[in-house]
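Enquirer: Right, I'll just put the structure down here and ask away after.
The values are calculated or read from the model by the stated rules, or taken from the named source; none is laboratory data. It should be emphasised that the depicted structure is a prediction, and the values quoted were computed from it without experimental measurement. Methodologically, a virtual Cβ is constructed for each residue, glycine included, from the backbone with ideal geometry; neighbour enumeration extends over all protein chains shown. Quick note on the areas: whole protein, heavy atoms, side chains included, nothing else; ligands and nucleic acids left out. Shrake-Rupley method; radii C 1.70, N 1.55, O 1.52, S 1.80 Å.
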Amino acid sequence: MDYPIVYISQNVKSKYERGDVIRPVTGTMLDALVDAGNYQVGTAQGDKKPDVSSASSLSEAHSQFKTYLSNTADNPSSETNVLIVDETKFDSDVVEADAFGGNATTVAGAKIFGEYYRQNGSPDKHGDSEVYEILWKMLGGVGQNYNCSYGQGVTYKDSSVTDQYDYVRTPMAKIGSGGETTNECGDATTHTSKIATKELRYSDCSLTTIEQNV
């Protein structure tokens, strides 16, 4: 299994500081994939900047990104590649993603990622600001690359969790496994007051089951 790769578009490179934009995404995705189990530790940053400036919609930008991945000699990830574009250009949509074996996710959030990082550093595991909402939607798109759904599973407090800001979360439901209302442990999916950017997995479902269903 190879590392996921995060790219920025040429337009983002010309308008924003690359590191400020890309760090919130790589850090959040790394945390989420490591938590999900049996993924290599680390993400990579694509050195080339795909040009999707001719796109008039996020869907079209995503399509151009997929074409870029198919034609590039830049060795894209076979698992997931994330392209960050400027939400001031694609302000009607946030995320486009492939599912069922696809390897691409496109997220519109460059401006807010950069602003957040300059003011706050890397995002925590969850929060209630707009940047967390965009990151959560991005992770949902990445999850589709791994055949997972948007459902984050049951969220609850447990005595084994000592940090007041941490919750126990059961695995996401897989696409095609009977809907997003039931997760891989057979429990109903619930929502939280905070937007999760990580999925914590504890003894509510065996590690073997989790690894088999990621």
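Enquirer: Return the long-range amide H neighbours of T155 (sequence gap of 5 or more, or a different chain), with a cut-off of under 5 Å between placed amide H atoms.
Expert: Residues meeting the amide H criterion: T190.
Enquirer: Still on this structure, I have one more. Give me the 1.4 Å probe accessible area per residue for segment 1-128, excluding ligands and nucleic acids, in Å². The partial results should precede the final answer.
Expert: Values: 5780 Å² over 128 residues.
With the other protein chains kept in place, segment 1-128 gives 45 Å² per residue.
Enquirer: By accessible area of protein heavy atoms, probe 1.4 Å, what ranking do K111, K15, K49 get, highest first?
Expert: K15, K111, K49
Enquirer: Can you list residues from other chains, or at least 5 along the same chain, whose modelled amide H is less than 5 Å from the amide H of V85?
Expert: V107, A108, G109, A110
Enquirer: Moving to a separate point now. How far is it, in nm, from the label point at A99 to the one at S70 when both lie 7 Å from their Cα along the line to the Cβ?
Expert: Label-label distance for A99 and S70, simple model: 2.1 nm.
Enquirer: Let me know the whole percent of all Cα-Cα pairs from segment 42-86 that are separated by more than 18 Å.
Expert: Percent of Cα pairs beyond 18 Å in segment 42-86: 24.
Enquirer: Of S53, Y7, Q64, which is farthest towards the positive pole of segment 1-112's charge dipole, taken about the Cα centre with +1 and -1 on the beta-carbons of Lys, Arg and Asp, Glu respectively?
Expert: Positive-most Cα among the choices belongs to S53.
Enquirer: If you project the alpha carbons of segment 1-125 onto their three principal axes, what span does each projection cover, largest first, in Å?
Expert: Result for segment 1-125: principal-axis Cα extents of 38, 37, 25 Å.
Enquirer: Expressed as a whole percentage, what fraction of the accessible surface of segment 1-136 belongs to carbon and sulfur atoms when a 1.4 Å probe is rolled over the protein heavy atoms?
Expert: Taking all protein chains in place, segment 1-136 shows 42 percent carbon and sulfur surface.
Enquirer: Using DSSP to define loop residues, name the chymotrypsin sites (Phe, Trp or Tyr not before Pro) in segment 75-149 whose beta-carbon has at most 13 other beta-carbon atoms within 10 Å.
Expert: Passing both the DSSP loop test and the Cβ count: F100.
Enquirer: In nm, to one decimal, how far is the modelled label at K111 from the one at S59, with both set 7 Å along Cα→Cβ?
Expert: 2.3 nm
Enquirer: Taking segment 55-136 as the region of interest, what is the percent of Cα-Cα pairs per 5 angstrom bin, listed from the shortest bin to the one with the maximum distance?
Expert: Here the calculated profile for segment 55-136 is 3, 14, 23, 20, 18, 14, 6, 1.
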